[in-house]
C-alpha cells in the first residue's frame with residue numbers, strides 16, 4: 001500500500017543558493033510554535049495562522065514556474081516552512097484540499113538538510129507507515145486524493161542543520177480567516193529563530 005505521491009530528486013540544481021536567498025530575503029513570521037513560516041501569492045489561512053496576499057520572491061516564483069509542467073499546475077501560493085534544527089518538527093495532519101483547483105495537489109520542494117517525511121494510513125490491521133527521505137533540491141507531489149486517506153508529518157531528527165520547505169498550491173479561493181488570536185509580527189530578513 002502506497003500513498004498517491006511522486007518523489008523526484010535533484011529537481012533544483014542550485015538549491016544551496018536558493019536556501020541562502022530565502023533565509024536572507026523572505027519576511028518570516030513566528031505564527032507557529034514549532035517553526036517560522038512565510039507565504040507568497042494569494043492569501044492563505046490554516047491552523048490558526050493567516051497570511052495576507054504577498055509578492056512572490058523572484059527565486060521562489062522561478063521555482064514555481066520550473067515545476068509547473070511536472071506537477072500539472074501553476075502555483076498561486078507558496079507556503080514556506082523553516083525548521084532550524086532537527087528538534088523542529090510538524091505533527092500528523094492532512095492538507096486542506098477544498099481550496100485547491102480541481103485535479104491539482106500539493107508540491108513540496110525541499111532545501112537544506114535531508115529529513116524524513118512520514119506518511120500513514122489506517123487499515124483493519126492498524127497503521128501503515130511509509131517514510132520518504134526529502135533530499136535537498138527534491139520535489140514531492142502529493143495528490144489531493146491522498147489527503148483523504150493519508151496523513152503526514154515531519155519527524156524529529158538528530159541534526160543541528162536547517163531544512164526549509166517550499167509548498168506550492170494552486171488556490172482557487174481564499175480560506176476563511178481563523179479567529180483572531182492577536183497580531184503577529186514579521187521577522188526582518190535574516191533574523192534568527194526565537195527560543
Rank the residues 134, 119 as a footprinting-exposure proxy: fewest other Cβ atoms within 10 Å of their Cβ go first.
119, 134
At what distance in angstrom do the alpha carbon centres of region 1-32 and region 40-87 lie from each other?
9 Å
For residue 114 paired with residue 161, estimate the spin-label separation in nm (one decimal), with each label point 7 Å from Cα along the Cα-to-Cβ line.
0.9 nm
Note down the nm distance, to one decimal, between modelled labels 7 Å out along Cα→Cβ at residue 148 and at residue 25.
4.1 nm
If you count, for each residue, the other Cβ atoms within 10 Å and average over each peptide, how do 75-81, 2-8 line up from highest to lowest?
75-81, 2-8
Please identify, among 25, 135, 125, the residue showing maximal mean-square fluctuation in a Gaussian network model of the chain using a 10 angstrom Cα cutoff.
125
Which value in nm describes the separation of the simple spin-label points at residue 121 and residue 85, placed 7 Å from the Cα toward the beta carbon?
3.7 nm
Quick one: pull the percentage of alpha-carbon pairs in the chain with a separation above 23 Å.
41 percent
Rounded to the nearest 500, what is the chain's calculated 222 nm mean residue ellipticity when only DSSP H runs of at least 4 contribute -39500 (n - 2.57) each, over all residues?
-4500 deg cm²/dmol
Given a 10 angstrom Cα cut-off, can you work out which residue in 41, 72, 126 is the most mobile in a GNM of the chain?
126
Give me the number: length gained by fully extending residue 1 to residue 94, i.e. 0.36 nm times residue separation minus the C-alpha to C-alpha distance, one decimal in nm.
31.7 nm
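We did not get these values from a lab; they are worked out from the coordinates using the rules stated. In this text the structure is predicted, and so the values were computed from the model without any measurement. Cβ sites come from the backbone with ideal geometry, for glycine too, and all protein chains shown count toward neighbours.
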